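Inspection log for the structure reproduced underneath, given as C-alpha cells.
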Amino acid sequence: MLPAVPKPVVRRISGRYIAGEDLDDAVRVVRRLNAEGKMATIDILGEEIASPDEARAIAAGYIASFEAIEREGLASNVNVKPTALGLKLGYELCRENLEAVIAHAAQRSNFVRIDMEDSSTTDDTLRLYRELRAAGHEKVGVVLQARLKRTVEDVRALAELRPNVRLCKGIYLERPEIAFRDFEAVRANFDQALAELWEAGSYVGVATHDELLIEHAQVSAEKRGLGREDYEFQMLLGVRPALGDSLVREGYRLRIYTPFGRHWYAYSLRRLQENPRIAGYIAADTFNRLVPGRNGSS
C-alpha cells in the first residue's frame, strides 16, 4: 500500500527517522545526540540519483559533512551508500567518488563506512571494500547483513583484513533462495556472524534494536574479555530511543545512524514497511484526507 500513499503523508510520518533535508539539520541533530552521550554516523540519502553529476554532488556533500564535523567538534563519522555515489551508473564512477570521500576523511582522521544495500550490490560493495583496503585505506569499514545466507562466508573471506564491520539484520526484501525469512534463523545467523567477526579480531558495530541480540552481544563480549571500547552498539535515528538511552546509561558506546537529504522517499518507505503500527497511522491519515467530514473537517 505504501507506494500509493501521497508523499507529503509519508514525509510527515517518517520525519522521526530523518534529520532533515540539509546538512545544517544533520549538524543540529548530531549535536543533540552528542549531548546525550551518543555518537553518530551521517548518511546523505541519495538512492534515487539518476546522473553522474548527482552522484558527484552527493560526494561533495560528504566532503562538506566532514568539514562541518570538524568545525563543530562533533563525534560523528559518515555512512555512504554505493548507489548514491553512482554504483548503478558505473563501478568506476562510484569508486572515484568513494575514494575522494575517503581521502578527505583521512585528512581529518575520520572514518567512512560503506553501506550494504540490496543483494544486487553485494558483490560490488565487497569488491570496493577489498580494493580500498588493498590500496592502503585503513579508515574504512563495511556493512554485513545477517538476513543474507552468504554472510558468514563473507565474514570468513574478509577475516584476514580484520574488517571494521557494522553487522545488522538487513531490511531489504530478498528471494528465499538467498535470504532467511524466518525470524529466529536471522537471529542465529547474526549471532554466528558476530562470533566469527570477533574471532577474527574485528571491531564491530552491533547494529540492532533486538534486545535479545543486544544481550547476546553483551554476554559474548564479556566472555571474550572485550572492553566497552572494543565494540559499539548502533541504532537508527528515531527507532527505540529509550533502549538507546538505557545502553548509554549502562556505559556502552552507542552510535546513531543519522540520515539527511532531499532524496528521502525510498529510505522512508523501508522504515515504514518494517513498522506495521506506523503503516496503520498512514492508512488512517490517508483515509481521513479522502473522506469528507473526518476529524471535524468538511
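Which of the GluC sites (Glu not before Pro) found in the range 126-207 are loop residues per DSSP with 14 or fewer other Cβ atoms within 10 Å of their Cβ? Walk me through the numbers before you get to the answer.
Values: sites: 131, 138, 153, 160, 174, 177, 184, 196, 199; in loops: 138, 174, 177.
In loop regions of the range 126-207 (DSSP not H, G, I, E or B), the sparsely surrounded GluC sites (Glu not before Pro) are 138, 177.
Averaging sequence separations of C-alpha pairs under 8 Å and six or more residues apart, then dividing by the length of the range 1-147, give the relative contact order as a whole percent.
19 percent
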Requested in this report: Sort the range 103-230 into rounded, prolate or oblate with this rule: let a ≥ b ≥ c be the square roots of the eigenvalues of the Cα gyration tensor; rounded if a/c is under 1.5, and if a/c is not under 1.5, prolate when a/b is larger than b/c, oblate otherwise.
Outcome: oblate
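Quick check on packing: order 73-85, 116-128 by the mean number of other C-beta atoms within 10 Å, highest mean leading. List each step's numbers first, then the result.
Values: 73-85: 22.5, 116-128: 17.8.
Result, highest mean first: 73-85, 116-128.
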Report summary line: Expected vector for the range 32-45, Karplus 3J(HN,Hα) from phi with 6.51, -1.76, 1.60 and θ = phi - 60°, integer Hz, x for Gly and Pro, equals 5, 4, 4, 5, 8, x, 10, 8, 9, 9, 8, 10, 8, 5
Query - In Hz, Karplus ³J(HN,Hα) per residue of the range 231-237 (6.51, -1.76, 1.60; θ = phi - 60°; x = Gly, Pro) - result: 7, 8, 9, 9, 9, 9, 4
Query raised in the report: Roughly how many percent of the accessible protein surface of the range 1-124 is carbon and sulfur, given a 1.4 Å probe and a whole-percent answer?
Result: 50 percent
Query raised in the report: With r defined as the distance between the Cβ atoms of residue 173 and residue 123 and R0 fixed at 22 Å, what FRET efficiency is calculated, to the nearest 0.05?
Result: 0.70
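Show me the ranking of peptides 28-40, 139-151 by mean Cβ neighbours inside 10 Å, starting with the highest.
Details: 28-40: 18.3, 139-151: 22.1.
Descending mean neighbour count gives 139-151, 28-40.
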Query raised in the report: If you find the alpha carbon centre of the range 38-100 and of the range 137-203, how far apart are they in angstrom?
Result: 23 Å
Requested in this report: Sequence neighbours fewer than 8 away in the same chain don't count; with that in mind, list the lysines whose C-alpha is under 27 Å from residue 223.
Outcome: 38, 149, 169
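The values are calculated or read from the model by the stated rules, or taken from the named source; none is laboratory data. From a predicted model like this one, the values you see are computed outputs, not experimental measurements. Positions of Cβ are generated from backbone atoms using ideal geometry, with glycine treated the same way; all protein chains shown enter the neighbour counts. Ligands, DNA and RNA are excluded from the accessible area calculation, which covers all protein heavy atoms including side chains. Shrake-Rupley method; radii C 1.70, N 1.55, O 1.52, S 1.80 Å.
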